[in-house]
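Engineer: Sharing a structure here in structure tokens format.
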């Protein structure tokens, strides 16, 4: 399904944060040494992905189909009218007689279609965003929660998402791999070495020699 992957892109940017929050609760003394990868884009693959996500994607695609077709028809009308106006402009340059009133009407119609197209595109984008959150948000969040539980059960220490959209993003790491606090403690325990600021030496301007009398 062509639109499924596009929906995954937007959702991953928000829902992906559910995994690190669970990772923080991992036991520090848990033996987790495996580094593994996961391709979250495969969750959206038709027939082989997560069933709940695929069904939600199909429902979303079905709902948005009429609006998407309406937009495409509007784009086609706009493009055709642009070509007609370009032909009229070439005719004017070649001194071919042109009905000025008809030509101006086409220009006005083109401007109207462009305004309508922008309005409908913004309206469509807003609808897509809202319905994505409503339909795909819950099953995706549940999937990521289950993924975190699966990771801990299997004893994986670090998990990277290798999907094209995430580009190898780290989505899970147990506390034993987080060196932040340890480094801060290490740095703060080091003795502070006082540095004496160096005062720049003043530059001396050579005094002018008195003129030598002949």
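Engineer: When you go through 176, 132, 121 one by one, which is the residue that is modelled with pLDDT of 75 or more, touching a strand residue (DSSP E or B) at 6+ places or on another chain (Cβ under 8 Å) and either at positive phi or part of a helix (DSSP H, G or I) (or both)?
Structural biologist: Criteria check complete, one pass: 176.
Engineer: While we're on this one: Evaluate segment 75-92: report whether one residue or more is under 30 Å from residue 54 (Cβ atoms) and loosely packed, with under 15 Cβ neighbours inside 10 Å.
Structural biologist: Yes, there is a match, as at least one residue in segment 75-92 is under 30 Å from residue 54 (Cβ atoms) and loosely packed, with under 15 Cβ neighbours inside 10 Å.
Engineer: Any chance segment 186-200 includes a residue that's under 30 Å from residue 35 (Cα atoms) and modelled with pLDDT under 95?
Structural biologist: yes
The values are calculated or read from the model by the stated rules, or taken from the named source; none is laboratory data. Bear in mind the structure is a predicted one, so any value in this text is a computation, not a measurement. Cβ sites come from the backbone with ideal geometry, for glycine too, and all protein chains shown count toward neighbours.
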